[in-house]
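The values are calculated or read from the model by the stated rules, or taken from the named source; none is laboratory data. Keep in mind the model is a prediction, meaning the values are calculated, not measured. Note: ideal-geometry Cβ built from the backbone for every residue, glycine included; neighbour counts use all protein chains shown. Surface areas here come from the heavy atoms of the whole protein model, side chains and all, with no ligands, DNA or RNA. Shrake-Rupley method; radii C 1.70, N 1.55, O 1.52, S 1.80 Å.
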Amino acid sequence: KRKFVICVSTLDVRKNHRLLYNVWCRLADELGPDCPQLLLIGAPHLHVSDLLYQIHNDRLVNRLIIHLHDATDEELAWYYRHCQFTVYPSMYEGWGLPISESLSLGKYCIAGNKTSLPEAGGDLVDYFDPLDFVGCYKLVYKAVTDPDYVEQYERRIRASYVPHTWTMAAAHISEIVDRIADSGQREAV
């Protein structure tokens, strides 16, 4: 029955879940019973057993930060539809599928600003430096305490988000290859 936020990804050091743990510790301290749960949805990967142990044994957040190892596609869709918003603090990615999933379902997302993540979310996502605790905390706190702000973002997402299709990706790659080929021909002359 409690409000919740989701972070969907493999639990891996580069995904930066420790930052979310620290943010939720502060939120729990400041907001008390008004602090939403954080659902970490994904399989644990390398070097996260210490973090999961710490979360599990931290009385301040062990009922607020919940790790869901296996969620079916139907369950995951339900979590996306019913969450307050999504958060994705990854330090580097090839694309940022959780951002695309969040936007495709009309959900506000807060994400790290490194590598391909801004390309995946464009101007429809609030970004922070994934090494900046204060920057992340301020965005999460605003989203938790100002539902009108989140709703405004979500109206804009629903009105303007266009999913990046495989056809679009192929056209983009073809354009780059053509440009490289053209510049190579000019240099050969």
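Picking from Ala143, Ala188, Ala181, which residue would you name as being open to solvent by less than 70 Å² (accessible area, probe 1.4 Å) and modelled with pLDDT under 90?
On the way: Ala143 fails: modelled with pLDDT under 90; Ala188 fails: open to solvent by less than 70 Å² (accessible area, probe 1.4 Å).
One residue alone meets the criteria, Ala181.
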Odd one out for Leu131, checked against (1) without any contact (Cβ under 8 Å) to a residue 40 or more places away in the chain; (2) surrounded by fewer than 16 Cβ atoms within 10 Å (Cβ to Cβ); (3) under 23 Å from His17 (Cβ atoms):
(1)
Conditions: (1) at pLDDT below 95; (2) of a type outside the set (D, E, K, R); (3) buried (at least 19 other Cβ atoms within 10 Å of the Cβ). Val125 meets all but one. Number of the miss?
(1)
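For the range 1-115, list the helices (runs of 4 or more DSSP H) that sit wholly inside it and hold at least 3 residues that are more than 16 Å from the chain's Cα centre (by Cα), touching a residue at least 12 places away in the same chain (Cβ under 8 Å) and surrounded by 14 or more Cβ atoms within 10 Å (Cβ to Cβ); which are they?
Helices (runs of 4 or more DSSP H) meeting the threshold: 17-31, 49-57.
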Can you name every residue in the range 146-178 that is over 26 Å from Asp34 (Cα atoms), open to solvent by less than 60 Å² (accessible area, probe 1.4 Å) and not in a helix (DSSP H, G or I)?
Tyr161
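Rundown of residues vs (1) under 23 Å from Met91 (Cα atoms); (2) of a type in the set (D, E, K, R); (3) in contact with a His (Cβ under 9 Å, 6 or more places away or on another chain), yes/no style:
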{"position": "Leu117", "(1), (2), (3)": "yes, no, no"}
{"position": "Leu124", "(1), (2), (3)": "yes, no, no"}
{"position": "Leu131", "(1), (2), (3)": "yes, no, no"}
{"position": "Tyr137", "(1), (2), (3)": "yes, no, no"}
{"position": "Glu151", "(1), (2), (3)": "no, yes, no"}
{"position": "Ala170", "(1), (2), (3)": "no, no, no"}
{"position": "Ala181", "(1), (2), (3)": "no, no, no"}
{"position": "Gly184", "(1), (2), (3)": "no, no, no"}
